[in-house]
Amino acid sequence: MTSSGTVQGRRIGGVRAGRRRTPAPDAAPPVERTMRPRDAVALQASPVARLAEHRHRERIVRVESSPRRCVVSTAPVVVATLERFLRVERGIGLGAAVTLLAPVVGAVRSAALEGAWLGPTTDDIGLTEEGRPLLLLTTPAVDTPRAARDALQRVLERLGMLCPELPVAALARHRDLLALEGGLYGLADPQGIGGAVRALPTSAADGRGREAAPVPAARHRRVHPLDGWQHHLRAFVVRRRGPLSVGTAIVLGAVLAGSLAGGPGRQGQDAEASTGARPVPTRSTPSAVATTAAPTALVAAPSLDAEQAAKVLIDAARGCGDGECARELVTADSPLGVTADGPASAVPATGEVSAVLVDVNGASAVVHLRTAPGTTAASVLIIRTEAGWLIRDVYAGAAS
């Protein structure tokens, strides 16, 4: 889908956009695996291998064949599976659970957009030495969207055994993977787990290339400055137009009773490239925001509410005629940032905001667009950063 127009210059939403740096490729060399030719063929035919490259999916870099053996090089280098990590850890915090779960949901949803439903288990989710989760090439395909959701539900339940704060039941109510991903990002600040992964005993490592995975000197960091309230369930609020008056709030799901406990999520020295989490101020301290280094792009100011920000971002995406301009509208880790025109081709050329699902902390929202009958509807995941609201991803659903 082409954008509906062009923008003169680079001024969006009243503020001139700056230049965003494209994420750097994996610094670690690929790991080589020797196998029989028929096994190499099977690996190349696996559902994940047939998908487009994704930051949170393992990929085949090259295959060197001979009559008796094949050398298959894969990347990124995986040092442990999620299951082995969970067997060693006695407990994980809510921020670490977000780190482990949200990108996996995004990778499954991205695969669905390519026509493949994946059903990962904790043995099918790998961890790099930096703590980045990714779907392994062995991840099986499933037949239906429900089967994919059921598989993710089992992964949620497995993590819930080590993370009592994780609202497994509330998250399981999401039937839309985009809403589930947004709900996870709204729970807590993502917490880097690279230190915990590197501290795993050798017996717990995956054995597919720990020695071949040097830690990059400089890591790509992403900004998800979700306010750091911990240990409580985030409900979602829906604001709808039409039969309901503007501003009417409907609470979806149960809210955990009791007072809010704790402050911002812990983000110490191991807050690393797995999710690129970095220390950020909460919105309760606006003076700290002013002193924090931020990107030069202020597309939709952080002071806007989610509905206002969504309209600004969607209008800007539709009117942005080149890929560089469009990428200014997305988060640094967004899969839309590596496409030629960013969100411009993913956002429908027409359609109004019909519903906004906002986490009660106001840090993320899922925006549903109402389009003309017979056209493809869409949902947009937006994230509030200290620099402003940005688009994380766009999901094109069934025809409306």
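The values are calculated or read from the model by the stated rules, or taken from the named source; none is laboratory data. Fair warning: this is a prediction, and the values are worked out from it, not measured in the lab. Glycine also receives a Cβ, built like all others from the backbone with ideal geometry; neighbour counts cover every protein chain displayed.
Of everything in the stretch 67-81 that is among the polar types (S, T, N, Q) and buried (at least 22 other Cβ atoms within 10 Å of the Cβ), the residue that is nearest to the chain's Cα centre (by Cα) is Thr81. Here Ser3 passes the criteria (1) within 30 Å of Gly194 (Cα to Cα); (2) modelled with pLDDT under 85 except the one numbered (1).
Here is a check on your reading of the model: is Leu100 in the same structural domain as Arg158 (by TED's automatic domain parsing), touching a strand residue (DSSP E or B) at 6+ places or on another chain (Cβ under 8 Å), surrounded by fewer than 22 Cβ atoms within 10 Å (Cβ to Cβ) and not in a strand (DSSP E or B)? Taking the combined requirement at face value, the residue does not satisfy it. I'd like to verify a number: residues in the stretch 368-395 that are at pLDDT below 85, assigned to a strand (DSSP E or B) and either of a type in the set (Phe, Trp, Tyr) or over 18 Å from His174 (Cβ atoms) (or both), how many? The qualifying residues number 5.
Going through (1) at pLDDT 90 or above; (2) surrounded by fewer than 23 Cβ atoms within 10 Å (Cβ to Cβ); (3) farther than 19 Å from Gln153 by Cα one by one, Arg84 falls short only on (3). A single member of Glu89, Glu114, Glu58 is in contact with a Leu (Cβ under 8 Å, 6 or more places away or on another chain) and at pLDDT below 90, and it is Glu89. Got at least one residue in the stretch 141-154 being free of Cβ contacts under 8 Å to residues at least 40 places away in the same chain, surrounded by fewer than 17 Cβ atoms within 10 Å (Cβ to Cβ) and part of a loop (DSSP other than H, G, I, E, B)? Checked the stretch 141-154: at least one residue is free of Cβ contacts under 8 Å to residues at least 40 places away in the same chain, surrounded by fewer than 17 Cβ atoms within 10 Å (Cβ to Cβ) and part of a loop (DSSP other than H, G, I, E, B). Total residues in the stretch 347-367 satisfying the condition of being closer than 22 Å to Arg384 by Cβ and at pLDDT below 80: the figure is 10.
All but one of (1) touching a strand residue (DSSP E or B) at 6+ places or on another chain (Cβ under 8 Å); (2) surrounded by fewer than 18 Cβ atoms within 10 Å (Cβ to Cβ); (3) within 14 Å of Leu82 (Cα to Cα) hold for Leu134; state the number of the condition that does not hold. Unmet condition: (2).
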